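The values are calculated or read from the model by the stated rules, or taken from the named source; none is laboratory data. Note that the structure is a prediction, hence the values are computed from the model and not measured. When we count neighbours, we look across all protein chains shown, and the Cβ atoms used for this are built from the backbone with ideal geometry, even at glycine.
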Amino acid sequence: MKFIIAAILIAAILSVIAYFNRKKIYKDINELEKRKVEIMNRPVTDELTKVKRLNMTGQTEEMFDRWRQTWDEVLGVDLADVEEKLFEAEERADQFRFGKSKEINESIENRLEEAEQKVNGILTELNDLIGSEESNRKESEELKEKRRAARKQLLAHRHTFGKAASLLEIQLDALSSEFDKFEELTNEGNYLAAREIILKLTHDMDTILHKMEVIPVLMAETTNLLPAQLAEIESGYKEMTQNGYLLDHLQLEKEVASLRKQLSLYKDFIVKTETSEVEAGIQEVKDNIEFFYELLEKEVDAKHFIVKNEQATRDQLENIRNANEELQTETEHVRQSYQLAKEEWIVPRKLEEDIFRLIKRYDLLETKITQQNTAYSFLHDELQELKAQLEELQKEQESFGRFLKTLRKDEMAARESLAELRKKINEIFRMVNKSNMPGVPEFYQSLTEETTGRIGDVVQALNEKPLNMKAVQEKLGEAVSSVSNLERKTVEVIEQAELAERIIQYGNRYKRSHPMIGDQLSEAERAFRNYDYRSALEEAATAIDKVDPKGLKQLEDMMNKK
């Protein structure tokens, strides 16, 4: 019985699996059928009908026959074969031969892919052909209109083209043969080949129109504008030379002659309508002319600069030299009161050497200016550099002068700081006296002596002649640190002494009731009398903590609130 039930279950499971497999395959078959119908419904026939409106000769006739044959092949062979295989796939599914059915479906999909590629190829070529015919017709008329307009422009403005006008007419006439060839190919139905002719005509027409646009401009520039500018430069050059400018280094006459030769060559190119090289060359000529103007203007500006700054620079040199003499005198005076390092007091001497060197350079420059045998631009650069070095020297002078004045200010500031330290020491001593301590610890006494010694070092440093401000600053810094430390320790010792005394007094009430802390309290009293307030505080606090922790805490809180 169990075997029968198991067999029934297995059969049921297999039936379910077979059902779902067959359902999936039917679904795939339906999708392939749908795709086949879509290919059959592609508008190939309609598009082929459009082609019949064209000249059905030559290339068009050949392409039409090929497209129709391919479409017939798709319908009669490819899709017919697909139809048979779809029936076969369905039969294999009904026979539960699912593997074979899937294999057939895959072959159908490949066949449909091939058919679709053929159809796409037909439609693409069809669109190209029809589009070419439409574009060719429109662009042909536009090109003819451009050629007519170009002819009118040549007739109306022939003088602006010079000798190039005849060649431009020849180039326009040469387009006629291309237009004839285009018409011939179109009449023969060779629309794609005619398209190539239209593209060539467009390029040639654009080239001619560009030439007609730039030739009048290039003619004017090479014939009038640029030669006039070269003549102006040459005239200015000669006038400046007569007025004393030295311009041999520019070799301007040689360069102008070379540019004139270039312009002459460009005229020949324009006559031949070879404008591309001329456009680049004309720009180069313009750049050179602009450069010549700048060079001549630079010489004029350089002369004005020299006239304006020659005497002013001489005066500035004299002023700096006089100022340096005063700086040397002041330095020697300061050295009597302050110690200066060698690299400090030697600064005026070094500046004097630099000033002497600049004076010699200026004398040579002045000789060149007087002799008038050097270009102003060279003299300008040299004078400008000399002025820049003078500015740097003047800054050094002013900086060193400020340094000397700062020494006196630093001394006064140090003496004021010393007075403040002495005042602070007196305040510390009054604080100790008011504390009613029986005495001060030994370490505190040493700290006090050290601090007063530091202050004495500052006094001694300030009394030295000449004064070493660097040493004064170092000693002053040590004294400030020492006084700050003494003040901090003073507050600490006074607080320890007062708290130790309070705790010892508080603890005396427990001597009889708690004899065990008596020795500790006695030890605390001995430490207190010996001015060891830290030890006294520690001993007393430890003793009281044993018998009355709360009382000890209350005493500490009372002291902290004071």
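Just to be sure, is Val432 touching a residue at least 40 places away in the same chain (Cβ under 8 Å) and within 26 Å of Arg529 (Cβ to Cβ)?
yes
Residues are listed down the side, and each one gets a yes or a no for (1) assigned by TED's automatic domain parsing to the domain that holds Asp363; (2) at negative phi; (3) among the aliphatic types (A, V, I, L, M); (4) touching a helix residue (DSSP H, G or I) at 6+ places or on another chain (Cβ under 6 Å):
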{"position": "Asp268", "(1), (2), (3), (4)": "no, yes, no, no"}
{"position": "Ala280", "(1), (2), (3), (4)": "no, yes, yes, no"}
{"position": "Val307", "(1), (2), (3), (4)": "yes, yes, yes, no"}
{"position": "Asp315", "(1), (2), (3), (4)": "yes, yes, no, no"}
{"position": "Asn319", "(1), (2), (3), (4)": "yes, yes, no, no"}
{"position": "Leu327", "(1), (2), (3), (4)": "yes, yes, yes, yes"}
Across the stretch 214-247, the tally of residues that are under 44 Å from the mean Cα position of the chain (by Cα) and over 19 Å from Glu284 (Cβ atoms) stands at 1
Pairs, please: C-beta under 6 Å, at least 6 apart or cross-chain, first residue buried (at least 17 other Cβ atoms within 10 Å of the Cβ) and in the stretch 272-297, second among the small types (Gly, Ala, Ser) and assigned to a helix (DSSP H, G or I)?
Thr273/Ala164; Leu296/Gly236
Output the residues belonging to the stretch 341-355 that are farther than 15 Å from Ser399 by Cβ and out of contact with any Lys or Arg (no Cβ under 6 Å at 6 or more places or on another chain).
Ala341, Lys342, Arg349, Glu352, Glu353
Could you pull out the residue among Lys465, Lys489, Lys470, Lys546 that is part of a helix (DSSP H, G or I) and within 30 Å of Glu332 (Cα to Cα)?
Lys470
Mind checking which helices (runs of 4 or more DSSP H) fall wholly inside the stretch 243-351 and carry at least 3 residues that are within 30 Å of Leu167 (Cα to Cα)?
252-271, 275-337
For the stretch 427-443, does any single residue satisfy the condition of being among the aromatic types (Phe, Trp, Tyr) and more than 46 Å from the chain's Cα centre (by Cα)?
yes
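Being more than 30 Å from Glu344 (Cα to Cα), surrounded by fewer than 12 Cβ atoms within 10 Å (Cβ to Cβ) and out of contact with any Leu (no Cβ under 6 Å at 6 or more places or on another chain) is the requirement here; does Lys434 meet it?
It is true that Lys434 is more than 30 Å from Glu344 (Cα to Cα), surrounded by fewer than 12 Cβ atoms within 10 Å (Cβ to Cβ) and out of contact with any Leu (no Cβ under 6 Å at 6 or more places or on another chain).
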Among residues of the stretch 368-377 being assigned to a helix (DSSP H, G or I) and touching a residue at least 40 places away in the same chain (Cβ under 8 Å), the residue surrounded by the most Cβ atoms within 10 Å (Cβ to Cβ) is Tyr376
Some residue of the stretch 509-520 being polar (S, T, N, Q), part of a helix (DSSP H, G or I) and buried (at least 20 other Cβ atoms within 10 Å of the Cβ)
no
Among the residues of the stretch 198-227, how many are more than 17 Å from Glu145 (Cα to Cα) and of a type in the set (A, V, I, L, M, F, W, C)?
8
Could you run through the stretch 338-367 and say how many residues are under 30 Å from Asn243 (Cα atoms) and without any contact (Cβ under 8 Å) to a residue 12 or more places away in the chain?
4
Yes or no: Ala341 surrounded by fewer than 16 Cβ atoms within 10 Å (Cβ to Cβ) and not acidic (Asp, Glu)?
yes
Being surrounded by fewer than 16 Cβ atoms within 10 Å (Cβ to Cβ), at negative phi, free of Cβ contacts under 8 Å to residues at least 60 places away in the same chain and in contact with an Asp or Glu (Cβ under 7 Å, 6 or more places away or on another chain), is that true of even one residue in the stretch 233-252?
no
Going by the structure shown, is Asp173 among the acidic types (Asp, Glu), at pLDDT below 75, assigned to a helix (DSSP H, G or I) and surrounded by fewer than 17 Cβ atoms within 10 Å (Cβ to Cβ)?
no
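Quick grid of which residues meet (1) of a type in the set (Phe, Trp, Tyr); (2) touching a Pro at 6+ places or on another chain (Cβ under 6 Å); (3) within 13 Å of Lys475 (Cβ to Cβ):
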| site | (1), (2), (3) |
| --- | --- |
| Ala413 | no, no, no |
| Ala419 | no, no, no |
| Lys423 | no, no, no |
| Asn426 | no, no, no |
| Phe443 | yes, no, no |
| Glu450 | no, no, no |
| Val459 | no, no, yes |
| Asn463 | no, no, yes |
